[in-house]
Amino acid sequence: MNNTLPTSRVLIAVTVLLLSLLTRPLASQTATPQASPTQSPAMPQWQIAAGGKMEFDVVSIHASKPGEFTPPNFDMTAGDKAAWWPNGGLFNADFPVLIYIAFAYKLFPTPAEVESMLAHQSKWVSEEDMAIRMRASGNPTKDQARLMMQSMLADRFKLAIHFETRQVPVLALTLIRPGKLGAKIRRHADGPACDVSVPPPAKGSLAKGPDLTPPGCGLWMTVPKPNHMMLDGARDVSMPLITAYLSNEAHMDRPIVDQTGLKGNYDFSLRYSEESDQPATSGAEAAPDSQGTTFLEALKEQLGMKLVRTIAPVLVPVIDHIERPSEN
């Protein structure tokens, strides 16, 4: 099954969301071998804290017209803190139902997770856009909106989903030196507050700290640079969330899991070379991003971290049942 979404849609989503769930083709990595799963785990703590079952006041669903795409008016990234509440409480989005599922259950799915979710499902789940308009009253949190999305998916799409904990081969993200951070990552408490605008360092500056500082906290930004270099960065994000994003960005053959032991939230940036079949830029345009630093080298030199091959428990979502919704 080909779960890759069209490149034009990927670019639109990245532009609108800063970090979309579509930033990489969903089938671009090798599926992870799986051992026998354990029983579905208890409800995640974030769902308990958000308050349990909730529903949108009004929901309208229509299949998108070919060639048309309405950018979402709210933040559907995996983070918690980005500004996202739309005016009047009306939510508009136009994505395949897989994206709504990822938002509802706070997922940033790796290709292996996507393959597991879609193992017995039709292609429309990941390929056909659904224009959904939802209205919510009051002032719910982002996690409460996720609970509303869960209710909508169960009611209108008849979604049944469960989670399995599987012992699988992974890449463990660890510190090279215990307790020692690299030059391009810092504890958020040691940097500017979320309401402070942070300009990027001056060109050629050797100052410590991230090179990329997104305009808001909880947002992940990816900026293409000359010669196939990529610059990723985020502010006030947890290590598990950083690891989840890197797992999708790194094009590795295994998912990445957090084993750094770091608590709290962090600001960071990572500059590395992305593989490409295109020739590198020559001349003046090549500087200063022509060093060709690999992803693994960047982890070591900039974040003070490395990846270790091991076996670890991974929570894997599995779709048991889903139906096309009736339109209204």
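Listed values for segment 234-244 are Karplus-derived 3J(HN,Hα) couplings in whole Hz (6.51 cos²θ - 1.76 cosθ + 1.60, θ = phi - 60°), namely 7, 10, 6, 10, 7, 5, x, 6, 4, 5, 4, and x replaces Gly and Pro. Note that segment 294-310 has calculated 3J(HN,Hα) couplings of 6, 4, 5, 5, 5, 3, 5, 6, 9, 10, x, 10, 8, 10, 10, 6, 7 Hz, one per residue in order, obtained from phi through the Karplus relation 6.51 cos²θ - 1.76 cosθ + 1.60 (θ = phi - 60°); glycine and proline are x. In terms of other Cβ atoms within 10 Å, Thr70, Thr77 run from fewest to most in the order Thr70, Thr77.
Amide H contacts for Gly182 (H built 1.01 Å from N in the peptide plane; partners 5 or more residues away or on another chain; cut-off under 5 Å): Gly304.
Quick note: the coordinates plus some simple rules give every number you see, no bench work behind them. Just so we're clear, the structure is a prediction, and the values are computed from it rather than from any experiment. Positions of Cβ are generated from backbone atoms using ideal geometry, with glycine treated the same way; all protein chains shown enter the neighbour counts.
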